Amino acid sequence: MKTKPLQISLAIFCLFTSLAQSQTIETFESGNLDNWTVLVGNAALAGNPVLGGSNSLQLGGNPLGPEPNSMMTHKTFAGTHGRYQVYFYCDGPEAEFNFFFQYLGPEDYYQVTCKASGTNAPELRLSRSFGDNDETLASVNPGFGLGDWHELTIERRCDNEIIILIDGTERISVIDPGIAMPGTIGLGAYSEFSYADDLSFEAFSAEVSIVGDTLFCNDPIILEASDIFSEYLWSNGSNRISTETEEAGILTLEVIDFEGCVGRDSVQVLTFCPSFFYAPNIFTPNFDGQNDFFRIFPEKDIERFNLKVFNRFGGMVFETETVEDTWDGTFNGRSAPADMYLWIADMDGFALSGSLVLMR
């Protein structure tokens, strides 16, 4: 007999999930500064002091020269919203360590200035340079001293808040919409030596995934965002929380959460419908050479297969995981009685069932 088309589950492969991703930018253990551009002053690897490993970055150290500033920028990094983290060490009563982020050029950047307690002008300052305007956004007492390693953390949040932490303690919090374009980072020093080590960045993004993973032959699939967000944009043009499709291919969802973070997820929709399978509803295992065995005949190759046959009381009388295997109408070595039986099959994850009459 012919039955309805075999319907196989949709195969979905996540191409990208917009979770926060942490990356180590620099440990200064490569033996060179090839990833950096020194804009002004002095920058070199140093063996003492070090946070860990063999090297740290040494900046500054020329207070009497024509250019007491030292500054370098990373050649390839680009970031906006996220958590920047770097360790620094100030050495000397005039030492000043500077960290630059969202650096777009000499007139567009943010700067964190670290002057330790015990220097000539102790301060922790967040400032922004834009065009000809240099604006101090916040300034507090530093809360850290000379001659030791300290952890500087800058959180550039999606809701335009900037938070500065020293050794895990929040020291500055301001709201500033700032620069929207991704920018690089920079390290700098003024006057006496300052050192840096173990620089990392963790991007902030909205966590979203696409829900919906079953497509039936000739029926549409409804894909849905995993949470509620401020804005949605599907690659098919829909701007709702869910979208419908009947076609194979890649679908991408971009969302913006209520703090302004952007998240993305993509799925590749692959679907196929094998034409038909054939399963007899009657067989006569009397060994006359006609209809002596029961099996299922799919028209296409099946990778995963399981077939079970049950009697009317729910007892299993046959099971196989090989498509070509047949039931010969016996159970425990004895002929099963003529009766109605039920079969259940799993073919590549899709459940099928039917009835079978055994006649003698």
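The values are calculated or read from the model by the stated rules, or taken from the named source; none is laboratory data. Values in this document were obtained by computation on a predicted structure and should not be read as measured data. A quick note on method: Cβ atoms are made from the backbone with ideal geometry, for glycine too, and the neighbour counts reach across all protein chains shown.
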**Fill in**
Quick count over region 343-360, residues being polar (S, T, N, Q) and closer than 17 Å to THR284 by Cα, is 1
**Item:** Unmet requirement for ALA338, which otherwise passes all of (1) surrounded by 14 or more Cβ atoms within 10 Å (Cβ to Cβ); (2) free of Cβ contacts under 8 Å to residues at least 40 places away in the same chain
**Value:** (1)
**Message:** So the check is Cβ under 9 Å with 6+ separation or different chains; which pairs have a first residue in region 28-51 that's exposed (fewer than 13 other Cβ atoms within 10 Å of the Cβ) and a second one that's among the basic types (Lys, Arg)?
**Reply:** ASP34/LYS75
**Prompt:** Are any residues in region 92-122 part of a loop (DSSP other than H, G, I, E, B) and closer than 23 Å to ASN133 by Cα, and if so, which ones?
**Reply:** PRO106, GLU107, ALA121
**Checklist (1) assigned to a loop (DSSP other than H, G, I, E, B); (2) within 26 Å of SER56 (Cα to Cα) applied to PRO177, failing item** = (2)
**Request:** Being surrounded by fewer than 12 Cβ atoms within 10 Å (Cβ to Cβ) and touching an Asp or Glu at 6+ places or on another chain (Cβ under 6 Å) is the filter here, so list the residues in region 274-302 that pass it.
**Result:** SER275
**Message:** Need the failing condition index for GLU107 against (1) buried (at least 19 other Cβ atoms within 10 Å of the Cβ); (2) without any contact (Cβ under 8 Å) to a residue 40 or more places away in the chain; (3) closer than 20 Å to VAL38 by Cα, just the number.
**Reply:** (1)
**Prompt:** Can you name every residue in region 343-360 that is within 21 Å of PHE277 (Cβ to Cβ) and loosely packed, with under 15 Cβ neighbours inside 10 Å?
**Reply:** GLY349, ALA351, SER353, SER355, VAL357
**Prompt:** Is there any pair linking a residue in region 165-178 that is assigned by TED's automatic domain parsing to the domain that holds PRO142 to one that is in a strand (DSSP E or B) and among the polar types (S, T, N, Q), with Cβ under 6 Å and at least six apart or on different chains, and which?
**Reply:** LEU165/THR153
**Among the residues listed as LEU137, LEU126, the single one being more than 27 Å from GLY52 (Cα to Cα) and surrounded by 22 or more Cβ atoms within 10 Å (Cβ to Cβ)** = LEU126
**Fill in**
Reported set for region 340-352 where residues are at negative phi and charged (D, E, K, R) is ASP346
**Asked** Going by the structure shown, is THR184 assigned to a strand (DSSP E or B) and surrounded by fewer than 17 Cβ atoms within 10 Å (Cβ to Cβ)?
**Response** no
**Request:** Would you be able to tell me the number of residues in region 314-332 that are of a type outside the set (Val, Ile, Thr) and closer than 21 Å to GLN290 by Cα?
**Result:** 7
